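What follows is a single structure, and I will ask about it in a moment.
The values are calculated or read from the model by the stated rules, or taken from the named source; none is laboratory data. These figures come from a predicted structure and were not determined experimentally. Here Cβ is always computed from backbone atoms with ideal geometry, including for glycine, and neighbour counts include all displayed protein chains. These area figures cover heavy atoms from the full protein model, side chains too; ligands, DNA and RNA do not enter into them. Shrake-Rupley method; radii C 1.70, N 1.55, O 1.52, S 1.80 Å.
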Amino acid sequence: MRRRVTVATTGVAVLGLACLGVPFLLGNYGLHLLVLVSMYVALSASWNILTLAGQLTLGHAGFFGVGAYTSALLALRLGVPFPLGMAGGAVGAAILAAGVGFICLRLRGVYLAIATLSLVEALKIVVLNVPDFTEGPIGITLSPVFRGARLPAYFVMLGVAILPVLATVWIKRSKLHVIFGSIREDEGAAQMLGINTTAYKVFAFALSAFFAGLAGGFYPHYITYTVPDTAFNIGLSIEAQIMPILGGLYTVAGPVVGAVVLTLVGEYLRTTFGAANLLIYGIAMVLVILWFPDGLVGLGRRWWQARVPVPVREGVADVR
Amino acid sequence: MSLALLAQATANGLSLAGLYALVSVGLTLVFGVMRILNFAHGEFVMLGAYASFWLFTLWGLDPLASLAVVLVLMTGLGALIQTTLVKRVLAAPHLNQILLTFGIAVTFQNLALLLWTGDLRAIKVWYSASSLTLGPVSLSLGRTFGIGLAMILTGLLYLLLFRTEYGRALRAVAQDPEAALVMGIPIQRVYILAMAIGAAYAGAAGVVASVSMFTYPLIGFLFGLKAFCVVILGGLGSVFGATVASLILGLVESFVGTFFAQGSSWAEAISFVILLLVLLLRPKGLFGVE
């Protein structure tokens, strides 16, 4: 166990230094990729938080889009600077999600999946149909943040990405780990044990959407515009799901690994074969669910354990 | 609001309802039998529409004739997907079932986008321009065929469900799979039957859609969303409920589109409003049992 901790710590340290150091060596395109990777880490890690609490949603783009539009509208209508806009976007998304969580309290499994999948389309239709307020299909154009400099933009997005990952670590180390796990495995039993599942589900929704909204709140300032089709894009929802699944559901590292791998692979596919990236994601989703449901992190762990047998710590329950 | 306009809106609503019914009876049947909501169901519509489009464009096959081909093809595809993929997650957690079928949907959607591009495709058949006129109401022949086809196929499904041994097996498995198994019903084959019927019916809807509207990769996703609204409104697992709910959604959409200012763009949001209300007030739907 000691050894694994050391490995993990070293890994995190190396990764941290790479995140801080490497960007200085990169050109504009490389930096843009890092911004994208960070954004996807934020999306996939925040989606994973909901899944930790047993809430399978298919509409993460809805929270991202609300963040994007709140932030963009704050800038356009009130001239709010982007950090405040981001906060506004995050809070807006969290409020919406808390509402969704509250409405969907009684809904389990497929009902929740349908409700969240439809939510994105519904939000898009609303945004398209009130052009006086949202500018409709034309979208909102914003002035480039940091006068277009990529390096500071990357550090902002990196911060946005780190937050949900830290939140996942916090959940895993607090009593929330047990509470979320019990809701996930058997909500009825969790209720019977006196857990206020309503409160925890709404909390999971709000927390997850807060981070998605934060990412959404910055992205339009970075790419200088937002339109309904990209903000409420089903593709974003798909990516936010497939990344944690490929990386390893319910883990801290899974969403990060998945986001890094798939963003880079997806970008490679997009530039070499055109729009093949979503196709590959679909196939990957099917294959991973059927044949290695614990994802890359699970594969890596098994490979490592086969090489270095880890003695079981006594008196400590095996927690996922 | 004139009476003629009302009649016209009703006719348009019925043609929408027919399409929705064809898509959703299969979706709800599959859920009733397997307790799996197939998120890839809408893609059968998309594939049916493209099959009809290509059969017409390449070989000049009339959509009415290609309907037979599509029914056979989609039956086979449904059975194939059931035996190779969905079968493996029957006992898995909801999460795996949802994500698997969603993954299948994403795959088909983007395969279509890659192979056939995102262009809107239309078929020009001899009856495209002609329409059936009945007093003040006029409905394009393609749509009229659609309504007729929906009525015939839905009728056939009821006959199958309530007048044949296969239907009895389907209903038995829907009621209680274990009891059905004990009674000697081969439930795995019943699952295949349900999925094949679902795929074939959705494929038929695709053929109708290819004539009366446009064919494009996202059409399946959009029809899938509508079908989810319909099956939830009707009650998950209830074929009768899905039929009634299709009528409701089709008519309401048509009326809103006709009688409200900028109604046609808001009509698209109706299904989501209905979905939300049902989920809030009565999650088991109109005729649901759960």
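Any idea how far the Cα center of the stretch B:105-135 sits from the one of the stretch A:286-301, in Å?
So the separation of the two Cα centres works out to 38 Å.
Just counting partner chain Cβ atoms within 10 Å, what average do the residues of peptide A:112-124 show around their Cβ?
Taking all residues of A:112-124 together, the mean is 6.
Same structure, new question: What do you get for the angle between helix B:3-34 and the principal long axis of chain B? Use alpha-carbon atoms, 0 to 90 degrees, nearest ten.
The answer is roughly 20 degrees.
Also: Using only the alpha-carbon atoms of the stretch B:3-281, report the extent along each of the three principal axes, biggest first, to the nearest angstrom.
That gives 57, 46, 35 Å along the principal axes, largest extent first.
Also, quick follow-up: So, in Å, what gap is there between the alpha-carbon centers of the stretch A:91-105 and the stretch A:188-214?
If we compute the Cα centre of each part, the gap is 10 Å.
Report, in deg cm²/dmol and to the nearest 500, the calculated mean residue ellipticity at 222 nm for chain B, where each DSSP H run with n ≥ 4 adds -39500 (n - 2.57) and the sum is divided by the residue count.
On the way: 11 runs with 218 residues, N = 290.
Result for chain B, helices only: -26000 deg cm²/dmol.
Counting protein heavy atoms only and a 1.4 angstrom probe, how many square angstrom of accessible surface do chains A and B bury in total, to the nearest 100?
What A and B bury together is about 3600 Å².
For chain B, with a Gaussian network of springs between Cα atoms less than 10 Å apart, report the residue from B:Gln82, B:Gln97, B:Gln262 with the top mean-square fluctuation.
Between B:Gln82, B:Gln97, B:Gln262, it is B:Gln262 that shows the largest mean-square fluctuation.
Calculate how steeply helix B:141-163 sits against the longest principal axis of the alpha-carbon atoms of chain B, using the helix alpha-carbon long axis, and give the answer as 0 to 90 degrees to the nearest 10.
Taking the Cα atoms of chain B, the angle to B:141-163 is about 20 degrees.
Report the local net charge at B:Tyr20: Lys and Arg +1, Asp and Glu -1, summed over other residues whose C-beta lies under 12 Å from its C-beta. Walk me through the numbers before you get to the answer.
Details: positive: B:Lys226; negative: B:Glu253.
Spelling it out: positives minus negatives among the neighbours equals 0.
Carbon and sulfur: what percent of the protein assembly as shown's accessible surface (1.4 Å probe)?
The C+S portion of the solvent-accessible surface of the protein assembly as shown is 70 percent.
Take each of the peptides B:123-132, B:206-215, average the number of other beta-carbon atoms within 10 Å over its residues, and list them starting from the highest.
B:206-215, B:123-132
Follow-up. Over what distance in Å are the Cα centres of the stretch A:16-31 and the stretch B:39-59 separated?
Cα centroid of the stretch A:16-31 versus Cα centroid of the stretch B:39-59: 46 Å apart.
Also, I was wondering about something else. May I ask for the angle, rounded to the nearest 10°, between helix B:41-59 and the longest principal axis of chain B, with both axes built from Cα atoms and the value confined to 0 to 90°?
Relative to chain B, helix B:41-59 is tipped by roughly 60 degrees.
Follow-up question, since we're still on this one. Which lysines have a Cα lying under 17 Å from the Cα of A:Lys124, excluding residues fewer than 8 positions away in the same chain?
Cross-link targets: B:Lys226.
May I have the pair-distance distribution P(r) for the stretch B:201-290, computed from all Cα-Cα distances with 10 Å bins from 0 and rounded to whole percent?
With a bin width of 10 Å, the distribution comes to 17, 43, 34, 5.
Here's something else I'd like to know. Per residue, how much accessible area does chain B show when a 1.4 Å probe rolls over the protein heavy atoms, in square angstrom?
Accessible area per residue, chain B: 42 Å².
Separate question: Name the residue from B:Leu159, B:Phe53, B:Gly237 whose Cα lies farthest towards the positive end of the charge dipole of the stretch B:3-281, charges +1 on Cβ of Lys and Arg and -1 on Cβ of Asp and Glu.
Working it through, the farthest residue towards the positive pole turns out to be B:Leu159.
What is chain A by shape, rounded, prolate or oblate, if you read a ≥ b ≥ c off the alpha carbon gyration tensor as root eigenvalues and call it rounded for a/c under 1.5, prolate for a/b larger than b/c, and oblate otherwise?
Working: a/c = 1.72, a/b = 1.24, b/c = 1.39.
It is oblate, given that a/c is not under 1.5 and a/b is not larger than b/c.
Which of the peptides A:60-70, A:104-114, B:62-72, B:221-231 is most tightly packed, and how do the rest follow, going by the mean number of other Cβ atoms within 10 Å of each residue? It would help to have the intermediate numbers written out before the result.
Details: A:60-70: 31.0, A:104-114: 20.3, B:62-72: 17.9, B:221-231: 26.5.
The densest-packed peptide leads the list: A:60-70, B:221-231, A:104-114, B:62-72.
Hey, can you rank A:156-168, B:275-287 by average C-beta count inside 10 Å, highest first?
Top to bottom by mean Cβ count within 10 Å: A:156-168, B:275-287.
Next question, about the same structure. On average, how many beta carbons from a partner chain sit within 10 Å of the beta carbon of a residue in B:270-276?
The shielding value for this peptide is 4.
Write down Rg/Rh for the protein assembly as shown, rounded to two decimals, with Rg from the C-alpha atoms and Rh from the Kirkwood relation over Cα pairs. Don't skip to the end; give the middle numbers.
Values: Rg = 25.0 Å, Rh = 25.4 Å.
So for the protein assembly as shown, dividing Rg by the Kirkwood Rh gives 0.98.
What percent do you get for the relative contact order of the stretch A:30-233 when only Cα pairs under 8 Å and 6+ apart count?
47 percent
OK, next. For the charge dipole of the stretch A:30-233, defined by +1 on Lys and Arg C-beta atoms and -1 on Asp and Glu C-beta atoms about the Cα centroid, which residue among A:Leu105, A:Thr226, A:Ala149 has the Cα displaced farthest towards the positive pole?
Value: A:Ala149.
Give me a single rounded figure for A:235-243: the average over its residues of other chain Cβ atoms within 10 Å of their Cβ. Could the numbers behind the result be given before it?
Working: counts 2, 0, 1, 6, 0, 0, 5, 4, 0.
Taking the mean over all residues of the peptide, I get 2.
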